[in-house]
Amino acid sequence: MKANVGVADKSVRIVAGAVLIALTLMGTIGVWGWIGLVPLLTGLLNFCPLYTVLGVNTCKKP
């Protein structure tokens, strides 16, 4: 797995995922909030499988 998620993208993914999961745990939104696991994990792993398929890379070039 080669990293394809940049710093800004990573930050947004982690925050959005955490917010969705928190809202689900508080009962504010339904079970669909667990979809927040996807951006949270892709942010933490610095890898997005969909980016690979689409040829997107938000990491800085070396």
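Odds and ends about this structure:
- Residues considered: Leu54, Leu37, Leu45, Leu41. Of these, the only one that is modelled with pLDDT of 95 or more and more than 11 Å from the chain's Cα centre (by Cα) is Leu54.
- Applying the criterion of being of a type in the set (Gly, Ala, Ser) and outside any loop (DSSP other than H, G, I, E, B) to the residues of segment 1-24, the residue that is surrounded by the fewest Cβ atoms within 10 Å (Cβ to Cβ) is Ala8.
- Every condition in (1) of a type in the set (Gly, Ala, Ser); (2) at pLDDT 95 or above; (3) more than 13 Å from the chain's Cα centre (by Cα) is met by Gly30 except one, and the failing one is (2).
- A single entry from Ala22, Ala18, Ala8 fulfils the requirement of being in contact (Cβ under 8 Å) with a residue 24 or more places away in the chain and of a type outside the set (Phe, Trp, Tyr): Ala8.
- Evaluation of Val19 against the conditions (1) at positive phi; (2) over 11 Å from the mean Cα position of the chain (by Cα) shows that the sole unmet condition is (1).
- Pick from segment 25-41, criterion touching a residue at least 12 places away in the same chain (Cβ under 8 Å), of a type outside the set (Gly, Ala, Ser) and over 17 Å from Thr58 (Cα atoms), ranking: surrounded by the most Cβ atoms within 10 Å (Cβ to Cβ): Val38
- Positions within segment 50-62 being surrounded by 11 or more Cβ atoms within 10 Å (Cβ to Cβ) and either part of a helix (DSSP H, G or I) or among the hydroxyl-bearing types (Ser, Thr, Tyr) (or both), in sequence order: Tyr51, Thr52, Thr58
- Candidates Ile35, Ile29 - the one that is assigned to a helix (DSSP H, G or I) and of a type in the set (A, V, I, L, M, F, W, C): Ile35
The values are calculated or read from the model by the stated rules, or taken from the named source; none is laboratory data. Since we're looking at a predicted model, the values are computed, not measured. With ideal geometry, Cβ positions are generated from the backbone for all residues, glycine too; neighbour counts draw on all protein chains shown.
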